[in-house]
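Here's the structure, in structure tokens; my notes come after.
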Amino acid sequence: FKGGDTCEYLLSSGRFLGEKVWQPHSCMMHKYKNSEAKNCLIDKHVVFIGDSRIRQLFYSFIKLINPQVKEEGIKHGNIPFEDKSASIKVDFLWYPEVNGSMRQRIKSWTEGSVAKPHIIVVGAATWSIKIHNGSNEALAQYKINITSIAPLLEKLAISSDVYWVLQDPVYEDMLSESRKMITNEKIDAYNEAAVRILNSSSRNSKAKVKVFSVSKLIAQETIMKSADGLHLPESSRDTNAMILMNVYCNKIMKPIDGSCCQPQPPLTLIQKIAFCFFTLSIVGYLIISLIHRNNYRKNKSCTDLESGEEKKPAISTANVSTLEMLLHCFCKLGLIMTYFYLCDRANLFMKENKFYTHSSFFIPIAYILVLGVFYTENTKETKVLNREQTDEWKGWMQLVILIYHISGASTFLPVYMHIRVLVAAYLFQTGYGHFSYFWIKGDFGVYRVCQVLFRLNFLVVVLCIVMDRPYQFYYFVPLVTVWFMIIYATLAVWPQIVQKKANGNCLWHFGLLLKLICLLTCIYFLSYSQGAFEKIFSFWPLSKCFELNGNVYEWWFRWKLDRYVVFHGMLFAFIYLALQKRQMISEGKGDPLFSSRVSNVLLFISIVSFLTYSIWASSCKNKTECNELHPSVSVVQILAFILIRNIPGYVRSVYSSFFAWFGKISLELFICQYHIWLAADTKGILVLIPGYPMFNVLVSTFIFVCVAHEISQITNDLAQIVVPKDNSTLLKRLLCIAGFFSGLHFFSAMQDQSRH
């Protein structure tokens with residue numbers, strides 16, 4: 001670790017991921033769109049000074065502002081460019097040699113009240129080598145000229161961004177006869193002179209001229225594709241232009257996936273309060289631990305001289321143990337949140353862009369599949385979707401989703417469509433699981449609701465505070481939370497229809513189906529009425545939870561994408577439990593679910609349906625069109641999987657304990673990956689060990705899984721304390737929670753006011 005100046009890394013070092021994707025050392029580079037480039041450079045004046053290679057860079061730069069620009073300017077002359085809509089001026093000034101003319105032009109900007117350019121990009125040398133046939137005298141004169149120009153550039157660097165572009169290597173075999181004297185040896189000598197003079201001059205100045213040396217590295221990899229051996233191919237110069245844009249614009253635009261040149265964000269008021277709270281928890285736990293340790297030493301068992309019996313030390317009261325457990329949980333959580341903050345908010349650890357290859361996705365998938373099959377055990381019960389089976393299902397799906405995220409596989413549409421089914425399957429289980437519980441147990445009490453809401457939302461609320469992110473940013477938790485409340489409201493509203501009541505009178509089954517039809521109608525209406533949906537979730541305090549970037553469009557999009565699958569889960573649970581009650585299915589160990597003929601037919605249909613969906617998803621050409629169909633057809637593959645997994649008796653009687661273990665902490669894994677496995681809020685990859693990608697993934701994965709497991713235990717422990725079964729105590733806790741959120745809202749309002 002050499003410090004937090006990622007700008008220096010961006011300008012000087014990096015490597016190619018594949019053939020065209022440039023990865024700066026230690027940080028992430030944002031790919032600027034035209035609109036973003038315009039917003040960054042509004043009312044700015046940019047000047048490129050140099051030879052034909054600088055002219056190439058000039059054209060690539062202005063194409064980021066306006067892609068329609070054609071390279072039609074005068075070859076050996078000045079070329080102006082202006083975007084009047086954003087008041088942006090970009091000029092190319094033809095000065096192929098570092099000489100008196102270039103010095104005079106630069107000097108003119110340092111004198112009097114002349115408007116100075118905001119960005120100045122300078123570079124030249126190949127013409128000097130060519131005109132003077134690579135003579136040593138020309139190199140000596142080049143050194144003298146740069147020495148005279150350096151103080152002027154440093155003076156400009158006080159108020160402007162000044163970049164000296166080092167000369168790229170050439171491909172000597174392709175050079176024409178008139179350019180044969182331009183050798184890489186000569187170019188290195190000129191570059192060395194420029195760097196030495198600019199660095200020695202900047203030691204005594206207030207500002208520094210930034211040396212743009214990264215283009216050399218890019219050229220070394222791509223100059224072989226040059227048309228003439230001198231000028232870079234278009235993809236390489238576009239990369240250089242994008243680097244320039246990142247150097248200047250990242251600190252202004254602050255893109256999430258552009259960590260290069262971004263300063264560490266200042267701590268917010270809420271973050272400071274959280275830091276104090278966790279610090280006090282750690283100190284409090286240490287004090288209580290020391291007190292208990294001293295008491296144990298004083299009261300440890302001693303032999304009674306008369307009876308010869310051992311006396312046991314006094315047992316701590318329940319209140320003390322509850323307080324100790326509470327402080328212990330917050331102590332561990334505080335240390336874990338510190339790690340979260342250091343990984344994804346402090347500029348301590350490196351971050352890199354994702355780069356997708358088929359091998360980076362499919363090889364880990366094959367590896368975990370082998371591991372999962374290896375850890376096969378018998379289930380405790382053989383019912384359809386029993387606990388071990390659902391944990392296994394969640395586990396392997398979560399592992400596939402994690403590999404999908406770290407490999408950047410969202411760029412490959414067939415993989416994206418299959419991952420969408422896995423997300424839908426999670427929501428299907430939400431509908432199935434909660435419906436089954438309420439239908440069988442008939443428990444609509446506040447305790448059950450609070451337990452579920454706490455377990456779902458505890459980690460996300462803490463991360464919203466510590467990482468300064470809105471609730472909707474962790475979109476999956478709001479999604480399952482809202483669907484849980486919809487399921488609860490559907491079944492709890494009058495008349496409450498549960499299995500016990502329905503067994504007494506079959507008409508209640510029709511009543512429940514009527515409720516489900518009403519729910520489906522509401523879902524259908526909201527999915528095609530964006531205005532109504534946005535009005536519902538724009539009311540305070542819902543707007544505070546579901547807004548992202550000032551509107552609820554993202555929330556509407558996420559909800560709409562899997563709008564029917566929870567209903568499908570509820571309907572499947574209803575049909576399955578009805579069949580089970582009437583003993584129309586066989587769930588004995590080793591027995592097929594139905595009669596042999598029916599089982600074989602259903603199994604064949606399921607396999608065909610499963611493969612048909614995969615073929616359709618793999619043939620998708622347009623993400624938007626496929627997303628429109630996804631809510632209606634995703635249930636096909638989900639139901640096909642359930643039947644394939646449960647119809648054969650042997651398959652239903654075994655499960656993978658490896659996948660089931662991950663399934664128990666799947667929610668924590670999904671949320672924690674945002675900051676301590678991936679980086680820059682999932683846009684990049686966290687780098688703990690630079691230079692060793694595989695070893696880095698192993699280490700960061702081990703820590704990530706351990707942290708997720710620990711947070712799962714902390715959440716379970718705190719749920720027992722914060723959400724007690726006693727109603728009067730629970731009411732008091734709910735009032736405290738309401739007070740906590742009121743305080744959070746108050747500090748959030750203060751924070752927003754200070755930002756504005």
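Listed values, structure above:
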item	result
Residue pairs, from the table Lys33/Lys155; Lys272/Lys683; Lys210/Lys683; Lys254/Lys351, whose Cα atoms sit over 24 Å apart	Lys33/Lys155; Lys272/Lys683; Lys210/Lys683
Sites matching chymotrypsin sites (Phe, Trp or Tyr not before Pro) across the stretch 696-746 that sit in DSSP coil, with at most 10 neighbouring C-beta atoms within 10 Å	none
Packing rank of 497-504, 428-435, 689-696, 653-660, where each peptide gets the mean count of other beta carbons within 10 Å, highest leading	428-435, 653-660, 497-504, 689-696
Alpha-carbon centroid distance for the pair the stretch 562-595 / the stretch 358-374, whole angstrom	31
Separation between Cα centres of the stretch 618-696 and the stretch 81-143, rounded to whole Å	54
Selected from Thr183, Ala227, Val121, residue furthest toward positive end of dipole (the stretch 100-227; charges at beta carbon)	Val121
Whether the stretch 314-450 is rounded, prolate or oblate, judged on the alpha carbon gyration tensor where a/c under 1.5 counts as rounded	oblate
Distance violations [Cα-Cα > 29 Å] among Lys20/Lys116; Lys20/Lys251; Lys383/Lys515; Lys394/Lys623; Lys180/Lys354	Lys20/Lys116; Lys180/Lys354
Two-site FRET efficiency, Ile74 against Leu731, from Cβ-Cβ distance with R₀ of 56 Å, rounded to 0.05	0.10
Residues listed by number, the stretch 539-559, amide nitrogen under 20 Å from Thr624 label point at 7 Å toward C-beta	552-559
Sum of side-chain charges, Leu686 neighbourhood, beta-carbon under 10 Å (Lys, Arg +1; Asp, Glu -1)	-1
Convex hull volume per residue for the stretch 198-292, taking Cα atoms only, in Å³	232
DSSP loop GluC sites (Glu not before Pro) with at most 10 other Cβ within 10 Å: longest gap in the chain	310-756
The stretch 689-756 shape via C-alpha gyration tensor axes, a/c threshold 1.5	oblate
Distant-in-sequence amide H partners of Ile49 (H built 1.01 Å from N, under 5 Å)	Leu93, Val121, Val122, Gly123
For peptides 49-60, 594-605, sequence by mean Cβ density within 10 Å, most packed first	49-60, 594-605
Cα point-scatterer Debye curve for the stretch 82-151, base-10 log of I(q)/I(0) at q = 0.12, 0.17, 0.19 Å⁻¹	-0.42, -0.72, -0.84
Relative contact order (%) - the stretch 349-723, alpha-carbon pairs under 8 angstrom, separation at least six	34
Nearest 10 degrees, 0 to 90: helix 269-299 Cα axis against the chain principal axis	50
Potential extension, Thr390-Tyr524 segment - 0.36 nm per residue separation minus Cα distance	45.4 nm
Computed Rg/Rh of the stretch 430-494, alpha carbon atoms with Kirkwood Rh	1.04
Cα Rg, Dmax, the chain, angstrom units	32.5, 111
Using alpha-carbon coordinates, inclination of helix 100-110 to the longest axis of the chain, degrees	60
Accessible area expressed per residue, the chain, with surrounding protein chains retained (probe 1.4 Å, Å²)	49
Rg/Rh for the stretch 38-119, where both radii come from Cα atoms and Rh is the Kirkwood radius	0.97
Extension gain, Glu185 back to Thr612 (0.36 nm per residue minus Cα-Cα distance, nm)	147.6 nm
Cα pair distances of the stretch 349-723 binned at 20 Å [whole percent]	25, 61, 14, 0
The stretch 220-229 - phi-based ³J(HN,Hα) in whole Hz, Karplus 6.51/-1.76/1.60, Gly and Pro as x	4, 8, 10, 4, 4, 8, 5, 6, 10, x
Spin-label pair Phe539/Asn600, simplified geometry with 7 Å Cα→Cβ offset, distance in nm	5.8
Residues of the stretch 37-60 with amide N under 15 Å of the 7 Å Cα→Cβ point at Arg105	46-59
Overall form of the stretch 614-690 per C-alpha gyration tensor (a/c, 1.5; a/b vs b/c)	oblate
Rounded tilt (10° steps) of 623-646 against the dominant C-alpha axis of the chain	40
Rh by Kirkwood over Cα pairs, then Stokes-Einstein D for the stretch 10-253 at 1.306 mPa s and 10 °C, µm²/s	87
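The values are calculated or read from the model by the stated rules, or taken from the named source; none is laboratory data. Please read all numbers here as calculations on a predicted model, not as lab measurements. Cβ atoms come from the backbone with ideal geometry, glycine included; neighbour counts cover every protein chain shown. What goes into the accessible areas is simple: the full protein's heavy atoms, side chains included, and nothing from ligands, DNA or RNA. Shrake-Rupley method; radii C 1.70, N 1.55, O 1.52, S 1.80 Å.
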